[in-house]
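Every read-out reported here was derived from the displayed coordinates using simple, explicitly stated rules and does not represent laboratory data. Since this is a predicted model, take the numbers as computed values, not measurements. In this analysis, Cβ positions are derived from the backbone assuming ideal geometry, glycine residues included, and neighbour counts consider all displayed protein chains.
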Amino acid sequence: LDMKVAVTGALSYTGRYVTRLLLDQGHSVVSLSNRTSPVANAPLQPSEIQTIATAPLVFDDVGGMTQSLEGCEVLYCTYWIRFEVGTVSHANAVGLWGW
């Protein structure tokens, strides 16, 4: 069964590999990210990258997230923070700000 699947950071580090597996299984992918180009092509082909839809990722915009996820049956969250810098923290990355 082919599905429309959302992946946070489908063109980023971990997300590219999750996206590779999903495309191999015949699913369509929506990248939730503010990134518009991949950090690297591999393991995706340039022609495959062009088929990936993009939608903005703004955790604290419920309406925007609802719109970005429209029609998606599954969400894979690969969003993470390697190093805490300034206001960018692990707690903010996972939404621990009191929703």
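Sorted by average packing, counted as other Cβ atoms within 10 angstrom per residue and highest first, what order do 29-41, 54-66 take? Could the numbers behind the result be given before it?
Working: 29-41: 16.4, 54-66: 13.5.
Order by mean packing, descending: 29-41, 54-66.
Near the amide H of A53, under 5 Å away, which other amide H atoms are found, from residues 5 or more places off or on another chain, if H is placed in the peptide plane?
The answer is V29, S31.
Rank by packing, highest mean first: peptides 45-51, 19-25, with packing defined as the count of other Cβ atoms within 10 Å averaged across residues.
Numbers: 45-51: 11.0, 19-25: 16.4.
Listed from highest to lowest mean packing, they are 19-25, 45-51.
Please grab the % of Cα pairs in the chain that end up more than 22 Å from each other. Spell out each step's value before the answer.
Details: 1411 of 4851 pairs.
Cα-Cα pairs of the chain separated by over 22 Å account for 29 percent.
From the phi angles alone, apply the Karplus equation (6.51, -1.76, 1.60; θ = phi - 60°) to segment 60-74 and give each ³J(HN,Hα) in whole Hz, x where the residue is Gly or Pro.
Those phi angles translate into 8, 10, 4, x, x, 5, 4, 5, 4, 8, 4, x, 7, 9, 9 Hz.
Quick check for me: using +1 on Lys/Arg Cβ and -1 on Asp/Glu Cβ, what's the dipole size of the chain about its Cα centre, in debye to the nearest 20? Mind showing how you got there, number by number?
Values: 5 positive and 8 negative charges, 56 e Å.
Computed charge dipole of the chain: roughly 260 debye.
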